[in-house]
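This report concerns only the one structure given below.
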Amino acid sequence: MFRSIAAPALAVLTIFAAVSEADAWTRSGSFTGPRGTSNWNASRSCGGGSCSWGRGASGPHGAWSRSGAASCAGGVCNVSGQGSGRGGRSYSYSRSVSR
């Protein structure tokens, strides 16, 4: 129970902190294990009261991706995103949080 509450709460706190500062970064890499090579990438861009992010990986077990965006104004932050995983599974989410 704690784990399911703590992760979203930490993510929202991180978004609040990031939205107030302007920055952008992109990272990528690969690694090779006993079953083959996997590639990964991640990016984030923040400025003007909003942030967007994306990350993903592909390898011998399939591919996954996640992306989202957040914007804050007047003490309310709106967060939304989507993702996909192995086997064609996908999801989306949207929520508003008051500071």
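Every number here is computed from the coordinates shown, using simple stated rules; none is lab data. Because the structure is a prediction, the values reported are computed rather than measured. Cβ coordinates were reconstructed from backbone atoms using ideal geometry, including for glycine residues, and neighbour counts include every protein chain displayed.
Structure values in brief
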| read-out | value |
| --- | --- |
| Inter-residue pairs, beta-carbon under 7 Å, first more than 30 Å from Ser52 (Cβ to Cβ) and in segment 25-40, second in a strand (DSSP E or B), 6+ apart | Gly36/Gly59 |
| Criterion (part of a strand (DSSP E or B), hydrophobic (A, V, I, L, M, F, W, C) and closer than 19 Å to Thr26 by Cβ) met by exactly one of Cys51, Cys72, Cys77 | Cys51 |
